[in-house]
1. Using R₀ = 35 Å, calculate the FRET efficiency as 1/(1 + (r/R₀)^6) where r is the Cβ-Cβ separation of I147 and E69; round to 0.05.
2. List, in the order given, every pair from K115/K189; K37/K115; K36/K125; K37/K114; K115/K183 whose Cα-Cα distance in the structure shown is over 18 Å.
3. As an exercise, identify the chymotrypsin sites (Phe, Trp or Tyr not before Pro) in the range 33-77 lying in DSSP coil whose Cβ has no more than 15 other Cβ atoms within 10 Å.
4. So how much slack lies between F133 and R108, counting 0.36 nm per residue of separation and subtracting their Cα-Cα distance, in nm?
5. Would you mind counting up the charge near F88? Only other residues with Cβ under 15 Å from its Cβ, with Lys and Arg at +1 and Asp and Glu at -1.
6. Hey, with R₀ at 30 Å, roughly what FRET efficiency would I52 and K183 work out to, going by the Cβ-Cβ distance, to 0.05?
Amino acid sequence: MDYEILLGFVLATAALAISPGPDNIFVLTLSMANGKKYGLAVVAGLMTGCLIHTTLLAFGVSEVIKRSETLFWVIKLFGAAYLMYLAFMVFREGSGIELSQGNTTELRLTGLFKKGFWMNVLNPKVTIFFLAFFPAFLFSDSLNPVIQFYTLGFLFIMVSTLIFGGMAIMAGSISTYISKTPKVSVFFKWLQIVVFVGIAVYLLVG
C-alpha cells in the first residue's frame, strides 16, 4: 500500500470539500436558516449518496452511465426535476422559513436526510466525477480494485463529513438570531429557493 497516495487523496478531497460548490452552499444556507441539526441531516444524506456512487464505481456501472448519453440525460432530468420540486415546496411554506420545534423535528430531519440523499444520487455528475477522480488514487498493485475503491470512498465520505459538518455547525450558530428576525427569515427562504433552482440549472447546463 502506498500511504503517500492515500494522503494525497485525503488532501485533494479536503480541498474539494472546502471549495464553494452547490452542495456545501446548500448546507450553509439550510443551517443558517434552520439550525445546525437540519444542516447535519442533509450532510448525512449527501454522504450516504456518496456511498451509492462508490458502489456504482466499484462494480463498473459508472462506465455504463458515462458511455450512454441517453441514460446520462435521463438521470440529469430526474435530478433537476426533483430539485425544482424541492424549490416549489419551500415556496409553498409561507412568507418565511418556519423554524419548527417539538414533535415535527424527527419528521423534518428524516425528510432533509432524504433530500440530501436524492440530491446526490440523482446527480450523474457526481458519478462521473468519482469515475474521473478515484482511479488516479488507486494505492496498491495487489489489493482488489473493488476494495481500493471502497477504501477511497469511505475516506472521501469521512473527510467531506468533517468539513461539511463543521460548516453546518458554524452556520447553525446564527440560526437563533435569524429565527427572531422575520425579514432575515424571508430572505433565507428565497435564498433556499434560488439555491435549489441554481443547482438544477447547474445540473442541466453545467
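Any read-out appearing in this document is the output of simple, stated calculations on the displayed coordinates, not a laboratory observation. Everything quoted here is computed from the prediction, not taken from an experiment. Virtual Cβ from ideal backbone geometry, glycine too; neighbours counted across all protein chains shown.
1. Working: r = 31 Å, r/R0 = 0.89.
FRET efficiency, I147 to E69: 0.65.
2. Numbers: K115/K189 16 Å; K37/K115 14 Å; K36/K125 27 Å; K37/K114 14 Å; K115/K183 26 Å.
Where the Cα-Cα span goes over 18 Å, the pairs concerned are K36/K125; K115/K183.
3. Working: sites: Y38, F59, F72, W73; in loops: F59.
Of the chymotrypsin sites (Phe, Trp or Tyr not before Pro), the ones in loops of the range 33-77 whose Cβ has at most 15 other Cβ atoms within 10 Å are F59.
4. Values: separation 25, 0.36 × 25 = 9.00 nm, distance 3.36 nm.
Length gained, F133 through R108: 5.6 nm.
5. On the way: positive: R92, K115, K189; negative: E93.
With Lys, Arg at +1 and Asp, Glu at -1, the net is +2.
6. Working: r = 39 Å, r/R0 = 1.31.
After rounding to 0.05, the efficiency reads 0.15.
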